[in-house]
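Notes follow the structure.
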């Protein structure tokens, strides 16, 4: 059954589509969960022969692809860190109206053992990546930790690069201003030196052509000694 | 005649080097005599008077005429300066300084009526103590009493004179002489509390050269100071990278092989397969901390001793690039980039050239220092002083011409004219 999803009835329509999808795959709806932490984290729960399946719905909004990807990554990391000790066998992330440029890689989901389902604006639901059954074991926890570290590390690197770029742009701007200021100063000094050397030559009648005296800035610097 | 015109005409410069005294009025270049004197007798001798010799101390070119006159020459031939310093209480040394100073004025005193004394700028080592300033002023005032040749005198540090001759107002001057190497940052004035002195110089290069001659089997030549110095100057090379230079020299013996022949004689030293040792002679000036020198220090060759700057110990073996960086660090931080833009190397220890065909491993001193600084991630412009023999003297002449007559000597600033009629 296709139906155009409007903004007003987004969440309930989506939920309905998702419920239908899971029922068609022989899941049973779980209407209430005792554990308070996970009820806040997920939107829907189902059960099959393998155990409890939790579903989190993310609606694609008008944020940039980078920001959207960050949001999805953060959600996955949060899910992984929250459910490590809980009896949840599978987790699905449902992205509504996805832009594929904002999705993390397939490997990301596979390593997180989280399934990916997309729902288009026309209500078409597709399971893109199946969820893997989670084992509550030490290795699963360490996988989660490792993934967190990888994501965190990548995020840090991107941040550092962005900051560096910003600083370089500022530095370049300062350098350009400094060069322009130096140009102006050199022009001023040349003008002053020309005036003063004319004055200095007027004081003397001796035509010295000694190389170490010609164009020597120290003549000017030292002549000012008593005036400083 | 205005004062400025008078100073321009009668500017006079003096460079008190450890080995040579350079002096004279404004000209293309100075006169040069050895900084030494010989006491021909302990007292006034009637024999000397008969021969018209009224002094008991001789300086200048005539010294060599008297060298055979005493069997105990070492006692009477006085070299007054060591590493730019005269010992405070060494009256014989001060007597020589007096005589060489007077020698210059006697040679150049004009006869014209308008002449009322020179404006004299004398240059001393950057670390010359105050007593040396006092004695130099005293010497000049005494000579003026005798000859009426010193209207005013001032004293400047030699590195400042180099900077003046190089026409550079902001720079670091690195002066390397026989006994020490001084690093002086300058920004219109010498920045005195940033001066770093390393207790090493040509003497260290002489020492390693002597060891090399011993290794080559020339123990007798190793004991002759003059031979060692000449050999050092002729065969020494500065390596860009010592380890790489030695490796290449050992791989390609023919390219680096050298036979040193003493001019005018049949004496020759063939370095053979030890020609790679040429690089040790240059390297020891720039980096005596290289591990290759440890075996020589263990053998008894003197390790350069440490100095203290502002309460901080400076290793005598500190690589030259590191010492330059340390000196600049003692200056205001905003000055550092300007100082690194102009580093001037002055002194005989920087004069080794690059022989044709060895450009891949041997460099000049400026390139070596530049590389040392680059290895410390410092981009610097390094150059050799244009006229290392006379640059100090030239700087003193510019100083005499330019400094106003009414700028009087101040002991705090250590600048200004010490004037007849005011100070003496």
Select from region B:355-375 the residues that are touching a residue at least 60 places away in the same chain (Cβ under 8 Å) and in contact with a strand residue (DSSP E or B) (Cβ under 9 Å, 6 or more places away or on another chain) and list them in ascending order. B:355, B:361, B:362, B:363, B:364, B:365, B:367, B:368, B:369, B:371
Region B:23-41 - residue that is touching a strand residue (DSSP E or B) at 6+ places or on another chain (Cβ under 8 Å) and assigned to a loop (DSSP other than H, G, I, E, B) and, of those, farthest from the other protein chains (Cβ to nearest Cβ): B:40
Looking only at region A:87-102, how many residues end up being over 15 Å from residue A:131 (Cβ atoms) and touching a helix residue (DSSP H, G or I) at 6+ places or on another chain (Cβ under 7 Å)? 4
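Among the residues of region B:380-406, count how many are in a loop (DSSP other than H, G, I, E, B), facing another protein chain (nearest Cβ under 7 Å) and under 17 Å from residue B:12 (Cα atoms).
Number of matching residues: 2.
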Every residue from region B:146-190 that is within 14 Å of another protein chain (Cβ to nearest Cβ) and assigned to a helix (DSSP H, G or I): B:159, B:160, B:161, B:162, B:163, B:164, B:165
Just need a number here: residues in region A:163-219 that are more than 10 Å from every other protein chain (Cβ to nearest Cβ), modelled with pLDDT of 80 or more and touching a helix residue (DSSP H, G or I) at 6+ places or on another chain (Cβ under 9 Å). 0
Residues being crowded, with 18+ Cβ neighbours inside 10 Å and modelled with pLDDT of 90 or more: count how many of those fall in region B:298-313. 2
Among the residues of region A:27-41, is there at least one that is in a loop (DSSP other than H, G, I, E, B) and within 19 Å of residue A:122 (Cα to Cα)? no
Looking only at region B:350-366, how many residues end up being farther than 15 Å from residue B:382 by Cα and not in a loop (DSSP other than H, G, I, E, B)? 1
Got a sec? Which of B:403, B:398, B:422 is more than 19 Å from residue B:124 (Cβ to Cβ) and in contact with a strand residue (DSSP E or B) (Cβ under 9 Å, 6 or more places away or on another chain)? B:422
Qualifying residues in region B:327-349 (those that are assigned to a helix (DSSP H, G or I) and modelled with pLDDT under 90) - the one nearest to residue B:255 (Cα to Cα): B:349
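From B:295, B:327, B:338, B:346, which residue is farther than 18 Å from residue B:176 by Cα and surrounded by 15 or more Cβ atoms within 10 Å (Cβ to Cβ)?
Values: B:295 fails: surrounded by 15 or more Cβ atoms within 10 Å (Cβ to Cβ); B:327 fails: farther than 18 Å from residue B:176 by Cα; B:346 fails: farther than 18 Å from residue B:176 by Cα.
Going through B:295, B:327, B:338, B:346 in turn, the sole match is B:338.
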Just checking, which of A:142, A:122 is modelled with pLDDT under 90 and either part of a loop (DSSP other than H, G, I, E, B) or closer than 20 Å to residue A:12 by Cβ (or both)? A:122
Checked region B:372-398 for anything surrounded by 16 or more Cβ atoms within 10 Å (Cβ to Cβ) and more than 24 Å from residue B:17 (Cα to Cα); matches are B:372, B:373, B:378, B:380
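Would region B:353-368 turn up any residue that is within 14 Å of chain A (Cβ to nearest Cβ), touching a helix residue (DSSP H, G or I) at 6+ places or on another chain (Cβ under 7 Å), surrounded by 23 or more Cβ atoms within 10 Å (Cβ to Cβ) and at pLDDT 95 or above?
no
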For region B:163-176, state whether one or more residues are surrounded by fewer than 21 Cβ atoms within 10 Å (Cβ to Cβ) and in contact (Cβ under 8 Å) with a residue 24 or more places away in the chain. yes
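The values are calculated or read from the model by the stated rules, or taken from the named source; none is laboratory data. As the structure is a prediction and not an experimental result, all values here were calculated from the model. For neighbour counting, all protein chains shown are included, and Cβ atoms are generated from backbone atoms with ideal geometry for every residue, glycine included.
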